[in-house]
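Worksheet: the structure to be examined is printed underneath.
The values are calculated or read from the model by the stated rules, or taken from the named source; none is laboratory data. These figures come from a predicted structure and were not determined experimentally. With ideal geometry, Cβ positions are generated from the backbone for all residues, glycine too; neighbour counts draw on all protein chains shown.
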Amino acid sequence: MPREQVETPASGSVRRKKLFIKTYGCQMNVYDSARMADVLAPLGYETSEQADDADLVVLNTCHIREKAAEKVFSDLGRLKPFKTARPKDQDPMLIAVAGCVAQAEGDALVARAPFVDIVMGPQTTHRLPELIARAHRSAGAVLDTDFPTDTKFDHLPPPRADGPTAFLSVQEGCDKFCTFCVVPYTRGAEYSRSAKTIVEEARGLVSDGVREITLLGQNVNAYHGDAIGGTGTWSLGRLIRALAEIDGLDRIRYTTSHPRDMDDDLIETHATVPALMPYLHLPVQSGSDRILDAMNRGHTRDTYYRIIERLRAGRPDIALSSDFIVGFPGETDDDFADTMKLIEDITFAQAYSFKYSARPGTPAAENSDQVPDDVKAARLSALQSLLSQQQKSFNAASVGQHLPVLLTGPGRHDGQMVGRSPYLQPVHLDAPATDYGMIVMTEITAAISNSLSAVAIDSTQESETQPVATRVDAH
Ligand code: SAH
Ligand code: SF4
Ligand code: F3S
């Protein structure tokens, strides 16, 4: 149902309502939560930091690992007394569970938490106003876990900028079916938005003051949206080159990419487009060919080495990040040693690592060769200590460098601001609050655990790092 048919008071007469949203999981959820706030704003909902007196509480959930999914139920337990304590002369507090746990559990979620009013999957964000109206009329929970044939992007209002950086979803879903992963089941089949709608959304964000956009997708480099001005589709590299032409868009990033879709065009874009920041999150999961195969990743350890080699040939300073899973079913000490060797060979600027978590409905969960938790814990600790050493060395090597920093918020102390280097490192420096949203040239003075300290060397200078002129051979 179109939004305007749900509730249509003139804007002046809309009763102010409080909306509390808690977001779990990946950046796609962060993007969707912001869109929910956008879609509800015309109905009088204002975001609030407090759940206790909210008119609507949305938990936008993640199903990727057991811990993430279980957290939702403990949070629901904490919310229940707020709902019960609501004075009878007011509309009841509505509780909505959105996102990937909602998609995966549906009815089972309501059976476990019957006081939940709305259960909605990740593809029906635009139907939230309709679901609220139905929930107010209904005695039980309202469920919407369809994968609609039309896309939510066609129904959502243009996003509003909230500072100098923004996320922009370009691709959703996944067709890769890695044997450990729930995403193909919770987000559905792969879908790319048209290049036209993305460029329009990016232009709107930039005219609202955004200077850095991170393109999002579960498989962002599998992007193949309808081309602008012609037939066929555009790859992610082509899309990035079009976005780089937008005046005022200084920085472009993308996440999360898959090694299988790291094509020549995208690798070359890293070498030739200055606005594409020298940072890449490219999950490898494991360094063992045997485990990569069992995970159905569709590439080998050597493929990963070759991709990194070509990226570094075109952009030698590129900072690399990755995801690792330890203790995948059947992982031996030798397999794990292969992963440690890959980390030593490649060297990462930062990374995320997880103990394998068996997820209902995924093939690997059925495997009888599960690795005991104490083995997983020991491997995770060894792996994280190596990765954290590498992150420290990467940050220490930044000391003395001149890096442009995009200032994104207040720093730890009065008179300080924090921002991001091109390599996504948090950088703290003395700067007036009026510099918010500016790109300031700095000299890095110290590396403190995971962040950097710097001094501004010329606050009027706004040039970005230049990519190295070398081009990558396409073959
Ligand atoms: N699309 C991305 C990853 C999305 S999920 C990719 O293909 O790499 C984010 C990360 O969560 C994954 O990279 C993986 O490292 C981790 N993850 C996914 N399922 C997991 C599971 N069952 N147990 C532990 N970690 C998992
Ligand atoms: Fe999950 Fe694999 Fe798809 Fe990434 S590529 S979202 S890990 S199934
Ligand atoms: Fe989690 Fe769903 Fe994202 S499972 S990681 S919120 S796609």
Failed criterion for Gly361 (all others in (1) within 16 Å of ligand 1 (Cβ to nearest atom); (2) modelled with pLDDT of 95 or more hold): (2)
Keeping to the stretch 118-154, report how many residues are in contact with a Phe, Trp or Tyr (Cβ under 8 Å, 6 or more places away or on another chain) and not assigned by TED's automatic domain parsing to the domain that holds Ala102. 1
Answer yes or no: is there a residue in the stretch 148-164 that is away from ligand 3 (no atom under 16 Å from the Cβ), under 19 Å from the mean Cα position of the chain (by Cα), at pLDDT 90 or above and crowded, with 17+ Cβ neighbours inside 10 Å. yes
Considering the stretch 202-214, residues that are crowded, with 19+ Cβ neighbours inside 10 Å and assigned to a loop (DSSP other than H, G, I, E, B), and then whichever is farthest from ligand 2 (Cβ to nearest atom), we arrive at Arg211
Please verify whether Gly106 is under 22 Å from Lys152 (Cβ atoms), more than 23 Å from the chain's Cα centre (by Cα) and within 16 Å of ligand 3 (Cβ to nearest atom), treating the condition exactly as stated. yes
Checked pairs for the stretch 170-188, first near ligand 3 (Cβ under 10 Å from one of its atoms), second assigned to a helix (DSSP H, G or I), C-beta under 6 Å and 6 or more apart or across chains, list as Cys174/Val183; Cys174/Pro184; Thr186/Cys100; Thr186/Gln103; Thr186/Ala104
Among the residues of the stretch 343-400, which ones are under 19 Å from Tyr279 (Cβ atoms) and of a type in the set (Gly, Ala, Ser)? Ala349, Ala351, Ser353, Ser388, Ser393, Ala396, Ala397, Ser398
If we keep only residues of the stretch 355-377 that are within 15 Å of Thr332 (Cα to Cα) and among the aliphatic types (A, V, I, L, M), then the residue farthest from ligand 3 (Cβ to nearest atom) is Val375
How do the helices (runs of 4 or more DSSP H) wholly within the stretch 44-151 filter down when requiring 2 or more residues that are within 29 Å of Pro184 (Cα to Cα) and free of Cβ contacts under 8 Å to residues at least 40 places away in the same chain: which remain? 66-84, 107-112, 128-137
Condition first: acidic (Asp, Glu) and modelled with pLDDT of 95 or more. Now tell me which residues in the stretch 438-459 satisfy that. Glu443
Some residue of the stretch 373-385 being assigned to a loop (DSSP other than H, G, I, E, B) and crowded, with 19+ Cβ neighbours inside 10 Å: no
Say we look at the stretch 187-201 and pick out the residues that are within 15 Å of ligand 1 (Cβ to nearest atom) and outside any strand (DSSP E or B); which of these is nearest to Ala102 (Cα to Cα)? Arg187
Asn296 versus (1) crowded, with 20+ Cβ neighbours inside 10 Å; (2) under 25 Å from the mean Cα position of the chain (by Cα); (3) away from ligand 3 (no atom under 16 Å from the Cβ); (4) closer than 27 Å to Arg359 by Cα: which is the lone unmet condition? (1)
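Residue-by-condition table, conditions (1) within 15 Å of ligand 1 (Cβ to nearest atom); (2) within 30 Å of Leu249 (Cβ to Cβ); (3) at pLDDT 95 or above; (4) of a type in the set (Asp, Glu):
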residue: His270; (1), (2), (3), (4): no, yes, yes, no
residue: Ala294; (1), (2), (3), (4): yes, no, yes, no
residue: Asp302; (1), (2), (3), (4): no, no, yes, yes
residue: Arg306; (1), (2), (3), (4): no, no, yes, no
residue: Arg310; (1), (2), (3), (4): no, yes, yes, no
residue: Asp317; (1), (2), (3), (4): no, yes, yes, yes
residue: Ala351; (1), (2), (3), (4): yes, yes, yes, no
residue: Pro372; (1), (2), (3), (4): no, no, yes, no
Check the stretch 185-195 and report whether any residue there is surrounded by 18 or more Cβ atoms within 10 Å (Cβ to Cβ), within 16 Å of ligand 2 (Cβ to nearest atom) and among the β-branched types (Val, Ile, Thr). yes
In this structure, does Ser169 turn out to be within 16 Å of ligand 2 (Cβ to nearest atom), modelled with pLDDT of 95 or more, within 17 Å of the chain's Cα centre (by Cα) and crowded, with 19+ Cβ neighbours inside 10 Å? no
